[in-house]
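Each remark here refers to the structure printed beneath this line.
Computed from the coordinates by the stated procedures, all read-outs in this text should not be read as laboratory data. Quick caveat: nothing in here was measured; it's all calculated off a predicted structure. Quick reminder, even Gly has a Cβ in these numbers, built from the backbone with ideal geometry, and neighbours come from all protein chains shown.
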Amino acid sequence: MSFIRLDKFISERTEYSRSEIKRLVAKKCVTVNGETVKSADVKTDTETAVVRINGREICKEKYRYILLNKPAGYVCSTSEHDGENIMRLIPSELRNKNMFPAGRLDKDSLGAVIITDDGGLAHRITSPKKHISKIYIVKLDRPFQTKYINLFKGNLQLADGQVCLPADVRGCELSEKLAFVRLREGKYHQVKRMFSAVGNHVEVLMRISLGGLILPEKLGFGQCMELLHKDVENLFKEPDFDDFCRDYGGDFSAFLINNQP
Ligand code: URA
């Protein structure tokens with residue numbers, strides 16, 4: 001058992017400040033294990049207490065992990081100054097004030113983004129040293145060419161002279177203008193600049209997996225879901241790229257073709 005004050009418990013797990021929590025308690029909006037609480041400083045068991053605000057249960061876990069299927073037109077940022085930021089797509093009961101996107105997608109890019117308050121995990125997702133691979137499906141301006149496979153496998157040089165780590169790319173059976181790419185790093189506009197370095201152009205880009213965590217087909221653009229800890233563990237399982245393209249390629253290609261942004 002591990003006890004902390006109720007206001008600390010709630011403020012660490014939601015967007016409410018301590019003074020807002022006091023007000024909610026005074027208005028009898030907060031229950032612990034079904035009983036309305038009278039004071040915000042009651043000791044609360046972080047492992048077993050069921051805390052509800054206006055009937056809605058507060059998640060017990062200290063860290064939260066949300067998987068968002070990012071639509072185009074949103075910036076991966078927490079700052080209100082950055083235009084439409086993705087945080088406003090997360091319902092308030094799933095969000096807390098310490099959350100931020102673990103890794104970025106461009107404003108016009110689509111697909112999987114993790115939003116969390118776990119700084120350690122965010123570092124593991126974004127650090128090139130940790131080798132969490134990311135798989136993207138792209139719609140190209142011109143047909144995919146098999147020569148891209150070796151060009152991406154070597155150390156492709158971008159227009160500004162930066163050299164990429166070896167990456168994987170495969171064409172897609174459903175359309176000659178669709179391709180899958182797997183990267184283990186995240187340079188600025190990397191996928192777009194890699195295709196530009198081989199003489200093509202990315203029209204649409206969607207991230208469909210982070211490590212072994214695959215974007216669920218049922219999650220439409222702009223929708224999000226809370227991840228369980230076992231889903232988070234999947235991040236560190238590496239799928240075989242050819243198996244991934246064989247098993248999921250058809251579904252994601254159809255998804256992109258049918259949901260043209
Ligand atoms: N590469 C890009 O070019 N853009 C993204 O959003 C992600 C990877």
Highest mean first, how do 213-224, 180-191 rank when packing is the count of other Cβ atoms within 10 Å averaged over residues?
180-191, 213-224
To the nearest Å, what is the center-to-center distance of the range 240-261 and the range 193-236, using C-alpha atoms only?
11 Å
How about LYS70: which lysines have a C-alpha closer than 20 Å to its C-alpha, ignoring those fewer than 8 places off in the same chain?
LYS97, LYS107, LYS134, LYS139, LYS187, LYS192, LYS218
Distance between the C-alpha centers of the range 1-46 and the range 104-177? Whole Å please.
43 Å
Can you pull the three principal axis extents for the Cα set of the range 98-173, in Å, largest first?
44, 24, 24
Quick one: order CYS59, CYS245 by neighbouring beta-carbon count within 10 Å, fewest to most.
CYS59, CYS245
Hey, what does the equivalent ellipsoid look like for the chain, semi-axes from the Cα gyration tensor as sqrt of 5 times each eigenvalue, largest first, whole Å?
42, 17, 16
Give me the mean projected area, in nm² to one decimal, of the convex hull enclosing the Cα positions of the range 3-57.
3.1 nm²
Sum of side-chain charges, GLU20 neighbourhood, beta-carbon under 13 Å (Lys, Arg +1; Asp, Glu -1):
+3
Using modelled backbone amide H atoms (1.01 Å from N, in-plane), which distant-in-sequence or interchain residues come within less than 5 Å of ARG5's amide H?
THR44
The range 195-228 residues near the modelled HIS189 label - backbone nitrogen below 19 Å, point 7 Å along Cα→Cβ
195-207
Run the simple label-point estimate for ASP247 and GLN162 please: 7 Å along Cα→C-beta, distance reported in nm.
3.1 nm
ILE4 and PHE100 label points (each 7 Å along its Cα→Cβ direction) are spaced in nm at 1.9 nm
Give me the one-decimal nm value for the distance between modelled label points at LYS38 and ARG18, 7 Å along each residue's Cα-to-Cβ direction.
2.2 nm
